[in-house]
Every structure is written in structure tokens, then in C-alpha cells.
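Chemist: Before we start, here is the structure in question, set down as C-alpha cells.
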Amino acid sequence: MGYVPTHGPFCEKRYSYPTRCPSCRLPVVYFECTCGSKIFLVPGGSGETHECRIARLQARPSRIDRRTGQVNAPKTCPFCFRQIAPARYNRHIAKHAKP
């Protein structure tokens, strides 16, 4: 969760409640406004964002190809039913096709 470019001075609070960070389990305040911005804040009313180090370490790379905008989801091999990354799919299928 973090910065959303549409957030501005005319946004209104939609939800705000105390909870725990799903990654590090520290107490935080969940905040969401009408523009769609969602963020975890440090409790106490300072407005400081919760910077979770664990969440950054566990972050996975995006599956969206930035050049084409397509989702690069794993494909299932019709021979062995394993999940194969799109970049390796053709090579994997070729191994099965060899007699």
C-alpha cells in the first residue's frame, strides 16, 4: 500500500480503523479515501506512513509486462501439468515433443 497519484486535497475519508500490519503484525491504522488511496499509518495521529521492511523483502516482481500491458501468468503444461513461466514455456513443450 502506498502513494496513489489521484490522491488530492478534495479526497474524503472512506474508512479508517486500527488493525495490525499483515506482514510484521505491528499495530497500524488502515486508511482509505474516496479516490481509492489505501495506506497503513503509524498509530498516534502523526500521519506518518508505516514502512514495513518485511513487506518490501517479500515483494514479488510484477507479472505485468510493462511494454505490452499483458499479464505474464504461468502457463500449465498439457503433458506434465506443471506451472511454467511464459519465458520458458516453448522450450519446456519442445522437450516433451521430442521422441
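Chemist: Which of the residues belonging to region 58-82 are of a type in the set (S, T, N, Q) and either surrounded by 10 or more Cβ atoms within 10 Å (Cβ to Cβ) or at pLDDT below 70 (or both)?
Modeler: Gln58, Ser62, Gln70, Asn72, Thr76
Chemist: Take the residues of region 48-57 that are at pLDDT below 80 and either basic (Lys, Arg) or in a loop (DSSP other than H, G, I, E, B) (or both): which is nearest to Asn90 (Cα to Cα)?
Modeler: Top of the filtered list is Arg56.
The values are calculated or read from the model by the stated rules, or taken from the named source; none is laboratory data. A quick note: this is a predicted structure, and the numbers were derived from the prediction, not measured. A quick note on method: Cβ atoms are made from the backbone with ideal geometry, for glycine too, and the neighbour counts reach across all protein chains shown.
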